[in-house]
1. Restricting the first residue to the range 24-38 and requiring it to be open to solvent by less than 30 Å² (accessible area, probe 1.4 Å), which pairs with a second residue that is at pLDDT 95 or above and among the acidic types (Asp, Glu) meet a Cβ separation below 7 Å and a spacing of at least six or different chains?
2. What are the pairs, 6+ residues apart or on separate chains, where a residue within the range 41-67 that is assigned to a helix (DSSP H, G or I) has its Cβ under 6 Å from a residue that is open to solvent by 70 Å² or more (accessible area, probe 1.4 Å) and not β-branched (Val, Ile, Thr)?
3. Can you name the residue in the range 10-31 that is in contact with a strand residue (DSSP E or B) (Cβ under 7 Å, 6 or more places away or on another chain) and assigned to a loop (DSSP other than H, G, I, E, B) and, of all such residues, is farthest from Ala64 (Cα to Cα)?
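The values are calculated or read from the model by the stated rules, or taken from the named source; none is laboratory data. Keep in mind it's a predicted model, so treat the numbers as computed, not measured. Cβ atoms come from the backbone with ideal geometry, glycine included; neighbour counts cover every protein chain shown. Quick note on the areas: whole protein, heavy atoms, side chains included, nothing else; ligands and nucleic acids left out. Shrake-Rupley method; radii C 1.70, N 1.55, O 1.52, S 1.80 Å.
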Amino acid sequence: EHVVGGRCTGGVADRPRGTGGFGYDPAFVPDEHPASTMAELTPAEKHAISHRGRAFRALADMLAPPT
């Protein structure tokens, strides 16, 4: 069994903005992109900072064969 985690910190926008993503994405402003909600980021930008993206990269690093 392997357990990994990822964290994306931020705050709540004054109003929902953007059309990308789902759920709370239009309302969540990540600390790494304080001028944008998650729904306004490109998929690549979102993946780079999202908790899921970070967790999956940590899992991939854990499962990668040693070099």
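1. Final answer for the pair search is Thr37/Asp25; Met38/Asp25.
2. Ile49/Glu32; His51/Arg7; Gly53/His47; Met62/His2
3. Filtering the range 10-31 for residues that are in contact with a strand residue (DSSP E or B) (Cβ under 7 Å, 6 or more places away or on another chain) and assigned to a loop (DSSP other than H, G, I, E, B), the one farthest from Ala64 (Cα to Cα) comes out as Ala13.
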